[in-house]
Structure formats: C-alpha cells, structure tokens
Amino acid sequence: MAKVLVLYYSSYGHIEQMAQAIAEGARQGGATVDIKRVPETAPDDVVQAAHFKTDQPAPVAEVEDLPNYDAIIVGAPTRYGRMPSQMAAFMDRTGPLWATGALNGKVGGAFTSTATQHGGQETTLFSIITNLLHLGLVIVGLPYSFRGQMTLDEVAGGTPYGATTIAGGKGERQPSAIDLDGARHQGALIAEWATKAAAE
C-alpha cells in the first residue's frame, strides 16, 4: 500500500479544505495518507491582524519526513502568481534531499487557490511543480478525465496541472463541490500511480 503525504500551507482554510479532499481521494485510491502543514513564518502580530486561521489540527511537517512517502502532494495559495513564502521557505530547506536523490522517482502533484478566476492558478501550480521536478518527483496533474473542470455552468476551479479553487478577494467563497471533487480525483490518481511505482 502506497504512503501519501498531503503537504500544505493555508492562511484562511481554503487550502486546508482542499488538502482534506485530496487526502480523501488518495485513500479511495488505496493509499495510506498523512496530512501535514508547513510552519507559519509570518510574525504573530501579522497573523492576528490578518485573521489567519490558526486552529488547524494537521501537525507541522519536517523536511526529514518527505523520504518516508511514496507520493507527495503539495498545496498552497497564490502570492502574486507563485507559491507563498511559507511554502517556499520549507522547499528551500530540501537541499540535502536533492543532493542525495532521496525523492527521485516518487510521485508528486500540486493544488492551489486564488482570490480570482485569473489570479495566477496555473503559474502558482508551476512554481510548486518546478520544485518537485528538481527534487526528482514524477508529476501527476488533474487530467480531463475529471470532466468537472470543463463546466461553463458555474464559476469553478480546476486546471490540467492540478486541482484549484477560487477563494474570493475577502475569502468569502469556499471550495465548491466541483473544486473538491477535482481534488479527490487528483488524489486518487496520485495514489494509484504511487502504488504502481512502489510495486515495481
């Protein structure tokens, strides 16, 4: 049975919800799953003033945890079309894993959220995916086998590069059923690929 890590950063809970859906899909795909978050690096006064969601039960990950998994799915909101500094700081600490090839051949994926429909979802996904490729992971996105991302009937997230959601400028929109279904679909696909890779 493949072991999957869903690693995320979430300021307001949108990515936290997506992480839970990704994990649900991965479990449906036959994997055991851990959900962990990266450390908050913003000063406490900023966190309080911005009303960040601080009651997140997921444990904080350590870089040394990563080699213990067959697949790593990374989620973070966008910051000006790229991953936020909290996730970047965590990724910047993975140099020893890169140097030893500790993650070579593992399966990876990415998911994100933006305030608006065109707020940098794909560039943020690629900023995450680029790190994973450098670390040697094989990327699984959200292919059009998930038909929900084709809808024109409502505002919805979803790109072929990874599951996404749209949070709204004030965080007022929560992930929709389509967004969460896309996350589950990607999680299941990654679990299936990780199981195949682990069996080889």
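The values are calculated or read from the model by the stated rules, or taken from the named source; none is laboratory data. Keep in mind the model is a prediction, meaning the values are calculated, not measured. Methodologically, a virtual Cβ is constructed for each residue, glycine included, from the backbone with ideal geometry; neighbour enumeration extends over all protein chains shown.
Which one is nearest to Met87 (Cα to Cα), of the residues in region 1-39 that are of a type in the set (D, E, K, R) and part of a helix (DSSP H, G or I)?
The residue in question is Glu16.
Consider only pairs whose beta carbons are under 8 Å apart and that are at least six residues apart or on different chains; among these, list those whose first residue lies in region 167-181 and is in contact (Cβ under 8 Å) with a residue 12 or more places away in the chain and more than 16 Å from Leu142 (Cα to Cα) and whose second residue is basic (Lys, Arg) and surrounded by 15 or more Cβ atoms within 10 Å (Cβ to Cβ).
Going by the 8 Å Cβ cut-off, the qualifying pairs are Ala167/Arg173.
List every residue pair whose Cβ atoms sit under 8 Å apart, with the two residues 6 or more apart in sequence or on different chains, where the first one lies in region 123-144 and is more than 13 Å from Val107 (Cα to Cα) and crowded, with 19+ Cβ neighbours inside 10 Å and the second, anywhere, is of a type in the set (S, T, N, Q) and modelled with pLDDT under 95.
Final answer for the pair search is Leu142/Gln149.
Are any residues in region 67-118 among the polar types (S, T, N, Q), under 30 Å from Gly30 (Cβ atoms), outside any loop (DSSP other than H, G, I, E, B) and in contact (Cβ under 8 Å) with a residue 24 or more places away in the chain, and if so, which ones?
Within region 67-118, Asn68, Thr94, Thr112, Ser113 meet the criteria.
Only one of these conditions is not met by Ala191: (1) over 17 Å from Gln28 (Cα atoms); (2) crowded, with 17+ Cβ neighbours inside 10 Å; (3) small (Gly, Ala, Ser). Which number is it?
(1)
What's the number of the only condition in (1) modelled with pLDDT under 95; (2) of a type in the set (S, T, N, Q); (3) closer than 22 Å to Val33 by Cα that Gln149 fails to meet?
(3)
Yes/no matrix, rows are residues, columns are (1) under 13 Å from the mean Cα position of the chain (by Cα); (2) in a loop (DSSP other than H, G, I, E, B); (3) of a type in the set (Lys, Arg):
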position	(1), (2), (3)
Thr165	yes, no, no
Gly168	no, yes, no
Gly171	no, yes, no
Leu180	yes, no, no
Ala183	yes, no, no
Gln186	yes, no, no
Glu192	no, no, no
Thr195	no, no, no
Ala198	no, no, no
